[in-house]
Amino acid sequence: MINVDIAAIRSGRDPAGVRLVVVTKGHPVQIIRQAVEAGARYLGENYVEEAAPKIADLVGVAGVQWHMIGHIQSRKARAVCELFDWVHSLDSLKLAARLDRFTGEMGRKLPVLLEMNVSGEESKSGFPAWQADRWADLLPEISQILGCKNIDVRGLMTMAPFLPDPEGARPYFQRLRGLQSFFIKKFPASDWSELSMGMSADYEVAVQEGATIVRVGTAILGPRPSIQ
Ligand SMILES: *Cc1c(COP(=O)(O)O)cnc(C)c1O
């Protein structure tokens, strides 16, 4: 079992400051309904095609919010704007421009997190941010994203490398927090308050390092029945 509240209290933090996104990718809608009945409010999905029928199925269930956490292909940007309440995986200026345009057409605003690759692993999406001495290179692009009127940047997201010991993830979470401080200094008028980091294996370490959102699937719902 997982307990984000206990993890928060143990690290001297207010549990209300950590939101739990229950990652439902790979799980059928019946399981998602059970999770919602048990109190899940924020649901995370990685793939637009998989998420669309689930989101349609749960339309009208009060208080449910859908979070896009997977890499978004350009041609899926419009569907993302139509379906999701939040995007954690904004990883390029090009995608930001498309999300901005479509949300503008829909007359809505989209809260987003900027995904950062703080490990340097090639398999990971995100802005290249593994070398602190290169962070300044990101500033022109970030500045343009902050200028998009219909997307609301709220903070940063990352995925730590998968390591056998959750302690191994700590330096990556610390790096994301360091990057948050860097952006706060460079763009003090913007909102950098959210840090989406930590999954089943490492969410406790992430909470200790300042996560405000953890994204947990397997540890809540069990292994995913279908391979994506
Ligand atoms: C699948 C996924 C998760 C959840 O992973 P678990 O190990 O099942 O908790 C979290 N974040 C992202 C980006 C994912 O793709």
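Take the solvent-accessible surface of the protein heavy atoms, probe 1.4 Å, and return the percent of it on the range 91-228 that carbon and sulfur atoms account for.
Numbers: 3360 of 6490 Å².
Here carbon and sulfur together make up 52 percent of the probe-accessible area.
Per residue, how much accessible area does the range 1-123 show when a 1.4 Å probe rolls over the protein heavy atoms, in square angstrom? All intermediate terms of the calculation are to be shown ahead of the outcome.
Values: 5610 Å² over 123 residues.
On a per-residue basis, the range 1-123 sits at 46 Å².
Report the charge-dipole magnitude of the chain in Debye, nearest 20, computed about the Cα centre from +1 at each Lys and Arg Cβ and -1 at each Asp and Glu Cβ.
The dipole of the chain has a size of about 400 debye.
Karplus couplings for the range 103-117 from phi (6.51 cos²θ - 1.76 cosθ + 1.60, θ = phi - 60°), rounded to Hz, Gly and Pro as x?
5, x, 4, 7, x, 10, 10, 10, x, 9, 10, 8, 7, 10, 8
Heavy-atom accessible area per residue, the range 147-187, 1.4 Å probe: how many Å²?
52
With the Cα gyration tensor of the chain giving a ≥ b ≥ c as the square roots of its eigenvalues, does the rule (a/c under 1.5 for rounded; else a/b larger than b/c for prolate; else oblate) give rounded, prolate or oblate?
Note, shape of the chain comes out oblate.
Defining a contact as two alpha carbons under 8 Å apart and six or more residues distant in sequence, what relative contact order in percent does the range 4-221 show?
Normalised by residue count, the contact order of the range 4-221 is 20 percent.
Give me, ordered by chain and number, the residues 5 or more places off His71 or on other chains with an amide H under 5 Å from its own placed amide H.
none
Please count, across the chain, the pairs of lysine residues with Cα atoms under 22 Å apart that sit 8 or more places apart or on different chains.
Value for the chain: 15.
Provide Asp5, Asp91 ordered by accessible surface of protein heavy atoms (probe 1.4 Å), highest first.
Ranked list, largest accessible area first: Asp5, Asp91.
Pick out, from Ile6, Gly26, Pro140, the residue whose Cα sits farthest towards the positive end of the charge dipole of the range 4-221, with +1 on the Cβ of Lys and Arg and -1 on the Cβ of Asp and Glu.
Pro140
Quick check: pseudo-label points 7 Å beyond the Cα along Cα→Cβ at Gln30 and Ala16, how many nm apart are they?
3.8
The chain: longest stretch without exposed trypsin sites (Lys or Arg not before Pro) (DSSP loop, at most 13 other Cβ within 10 Å), sites themselves excluded?
Counting at most 13 other Cβ atoms within 10 Å as exposed, the longest clean stretch of the chain is 1-107.
What whole-number distance in Å separates the alpha-carbon centres of the range 153-169 and the range 1-78?
18
The values are calculated or read from the model by the stated rules, or taken from the named source; none is laboratory data. Small disclaimer: the values here were computed from a predicted structure and weren't measured. Methodologically, a virtual Cβ is constructed for each residue, glycine included, from the backbone with ideal geometry; neighbour enumeration extends over all protein chains shown. Heads up: the accessible areas ignore ligands, DNA and RNA and are worked out on the full protein's heavy atoms, side chains in. Shrake-Rupley method; radii C 1.70, N 1.55, O 1.52, S 1.80 Å.
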